[in-house]
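Just below is one structure, and these are the notes that go with it.
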Amino acid sequence: MTGRHSLELALPGASIGAVAGAMAGGLTLLAGQSAGMAGLAALALATPLALFGGLYGMLLGHGVFRPGTFGPIGLYWMAAFPVSRLAQEILVPTGGLAEGAGPFLAYQAMISLGFAIGFLWMHERIMPQWLVRRAGDNPLAGELLQKYLRFARIVRARKSARKGGR
Amino acid sequence: MDTSNTPPATATPPVEDQRVWKAGRLEPMPIRKLPDAPPSVHILGPTVFLVALGVGMGESYMWPRLVLLFGPEIRWLFLIGVTLQAVVMLEMARYAMATGESIFSGAARVFKPLMWFFFIVAIAVYIWPGHLSAGAAAFEEITGIPWVVTAIAGLILVGVVFTLAKVIYNLLENVLSLLIGALVLGTAVVAAMVGSWGDVVTTISGMFSFGYLPPEAMSAAWFPVIVGACAFAGPSGMQQMWYTLHLRDSGAGMGVHQPKIRGLRHAGEEEERPNRGFMFDTEDPAEMAKWKGWRRWVTFDALLLFWGITMLVTISFTVIAQAAVRIDPAVRTAIQGDDREVALTAMSNAVSSAGSSVLGVVFLGFIALIGLNATLGLFDSFSRGQADMTYNFIPGAKKLGMSKLYAVFLWGVIIFGILILLFGPADGPSGILDTLAFLSTFAMGAYCVTLLLVNNRMLPKPIRPRWWSNLIIGFGAVFYLGMLFYSLFAYGVVVG
């Protein structure tokens, strides 16, 4: 049961990873590859990005990460994004490794920080909505929702101090 | 500025309400409590607006173009431009968070005509629908729908959305957040696909070639273009000034004491709005600790979100442009020309021919997305700024209420925009953007001067900017105005 509860927390991150990967997959059709290869390329990136995205959600639920903080998630994707791209290049080569694995990984690690900003940005939008839906049946979701609520309460306390605030 | 912060004779709480901070000749600001800063460094702040507005033509077109023409070394100017804008952002936030007032009100406290100058410049610069053209043109490339049709439909859509919204800020924040999130994720992924370590090394190392200016850059043809690009590194024109309105309306710092602007349909529910801001007790160590928290919060926004995303998008687009030239050397010629649409199409085609048509469409999709972000942000911000100045400083305007004034400016600029698109200057959309650039750059120099005056004269001593910050903003004034007038006198051309 705990496994299922954890998996539910993985859903938002996994979806963001999958969509980003699918978007990217379409772009890897270098040198006029067939539609089949295009699908494979999309899958080859979407799968690891979805896995790592989902894992982030689970770790968040278990208190390894704190909601909305950038530093740790930046480091997380700095490792996860190059690995995902490498997996894609090995499965569906697009010539990215022409300069060698070192420069390739270094470049991907740099880009990963941008990816991390985008990922966290989207995750912080989607995750709380998802938790509100799942909190009733899933104690892990309930616990994480409380963390978000604590933050929201502080923000609301600020806003209700407004003159004539609602 | 002197203060009438007379310390209370006894420590009874009500006395605090009567203390005021006198700033300029306008109504003094009552002393109120500063709210607590957000507890953790959280990712979503009003910076989303600045990013949405700022990541535009400069990042996706102007700078990649300059890099292809003069080499990556020219990017040192970009580094200076964006870093300068990050400091400007911090200083704009200083006044807005400390008082809950916009920088326009701050300018009026120093010298009212200064505020009217910005009021007029905003109208002169931002009523032209030029900024819509690039996004709509990219959309035309993808769908075949004529760009004028898309642009007009976009204008009406923006008007309707903002009119129906209950609380404008929340809606805009949500929409822009998702768009920016998609843009950042997508740009990172595209760059990861088409770029290489070699491209990024030259792009980044170019940022540290301080002082590099090739002889051909110092010409009547290209120097004005460089000046324009510097002004478009990060948020351009008056966007930074509008950022103070978003800070206020999102309740950052003392903005918490101000009500929100509502859409026209909900204007009747608007709370009564004070026509001045507030100040907190800067002598109280507890209040100063909270202030430090707010400064940390905004510094994080400035560095990571603003500086980081702007850099990421520009580096990515430059890498894409370099890849495009590698694939098809004819792109270089297309980019050298003055026609932005032709250049963007050439870049898209080159990327498509090497990969798939999907890649080209995605590239144009990003340009359309950037255009949409800019349009949403610009129309809202323009109307917000003009309504703010009208409400506070035009006698009788208060009767109408802030939300109705907002609607008047919003629909005014939309209707004018549609008329211009239908019957306006025939020299095409790029021409409109070029004229905009001069006034836009001039306003940037002017707001640096305004910032220095406002922050150093209108704020209590403990929260005034440090000397190095003043130095950087002073440098900003010299940078923008100096380049602008050098271009004007040395080459007889304004901005390209």
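The values are calculated or read from the model by the stated rules, or taken from the named source; none is laboratory data. A quick note: this is a predicted structure, and the numbers were derived from the prediction, not measured. Positions of Cβ are generated from backbone atoms using ideal geometry, with glycine treated the same way; all protein chains shown enter the neighbour counts.
Among the residues of the range B:102-116, count how many are buried (at least 16 other Cβ atoms within 10 Å of the Cβ) and in a helix (DSSP H, G or I).
Just the residues of the range B:102-116 that are buried (at least 16 other Cβ atoms within 10 Å of the Cβ), to begin with: B:102-110, B:114-115.
Imposing the further condition that a residue be in a helix (DSSP H, G or I) reduces the set to B:103-110, B:114-115.
Count: 10.
Considering the range B:202-229 alone, what residues qualify as being of a type in the set (A, V, I, L, M, F, W, C), surrounded by 14 or more Cβ atoms within 10 Å (Cβ to Cβ) and more than 23 Å from B:Leu304 (Cβ to Cβ)? Please lay out each step first, then the result.
The initial filter retains those residues of the range B:202-229 that are of a type in the set (A, V, I, L, M, F, W, C), namely B:204, B:207-208, B:210, B:213, B:217-218, B:220-223, B:225-227, B:229.
Still in the running and surrounded by 14 or more Cβ atoms within 10 Å (Cβ to Cβ): B:204, B:207, B:213, B:217, B:222-223, B:225-227, B:229.
Scanning the range B:202-229 gives B:Leu213, B:Ala217, B:Trp222, B:Phe223, B:Val225, B:Ile226, B:Val227, B:Ala229.
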Please state which of the following conditions B:Ser219 fails to meet, knowing it meets all the rest: (1) modelled with pLDDT under 80; (2) not in a helix (DSSP H, G or I). (1)
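Report whether or not A:Leu105 is assigned to a helix (DSSP H, G or I), surrounded by 24 or more Cβ atoms within 10 Å (Cβ to Cβ) and either more than 9 Å from every other protein chain (Cβ to nearest Cβ) or on the phi < 0 side of the Ramachandran plot (or both).
Values: assigned to a helix (DSSP H, G or I): yes; surrounded by 24 or more Cβ atoms within 10 Å (Cβ to Cβ): no; either more than 9 Å from every other protein chain (Cβ to nearest Cβ) or on the phi < 0 side of the Ramachandran plot (or both): yes.
The answer is no for A:Leu105.
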Among the residues of the range B:235-266, write down those that are at pLDDT 80 or above, more than 14 Å from chain A (Cβ to nearest Cβ) and assigned to a loop (DSSP other than H, G, I, E, B). B:Pro235, B:Met238
Looking for something surrounded by 24 or more Cβ atoms within 10 Å (Cβ to Cβ), at the interface with chain B (Cβ under 8 Å from one of its Cβ atoms), assigned to a helix (DSSP H, G or I) and not hydrophobic (A, V, I, L, M, F, W, C) - is there at least one such residue anywhere in the range A:119-133? no
Are any of the residues in the range A:69-79 within 22 Å of B:Ile320 (Cβ to Cβ), among the hydroxyl-bearing types (Ser, Thr, Tyr) and at pLDDT 90 or above? no
Quick one: in the range B:181-199, of everything that is more than 7 Å from chain A (Cβ to nearest Cβ) and among the hydrophobic types (A, V, I, L, M, F, W, C), which residue is surrounded by the most Cβ atoms within 10 Å (Cβ to Cβ)? B:Val194
All but one of (1) touching a Gly at 6+ places or on another chain (Cβ under 6 Å); (2) more than 9 Å from every other protein chain (Cβ to nearest Cβ) hold for A:Asp137, so report the exception by its number. (1)
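Under 13 Å from B:Ala192 (Cα atoms), within 10 Å of another protein chain (Cβ to nearest Cβ), touching a residue at least 24 places away in the same chain (Cβ under 8 Å) and not acidic (Asp, Glu), is that true of A:Leu113?
On the way: under 13 Å from B:Ala192 (Cα atoms): yes; within 10 Å of another protein chain (Cβ to nearest Cβ): yes; touching a residue at least 24 places away in the same chain (Cβ under 8 Å): yes; not acidic (Asp, Glu): yes.
Yes: the conditions hold for A:Leu113.
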Report yes if some residue within the range B:438-457 is crowded, with 17+ Cβ neighbours inside 10 Å and modelled with pLDDT under 75; otherwise report no. yes
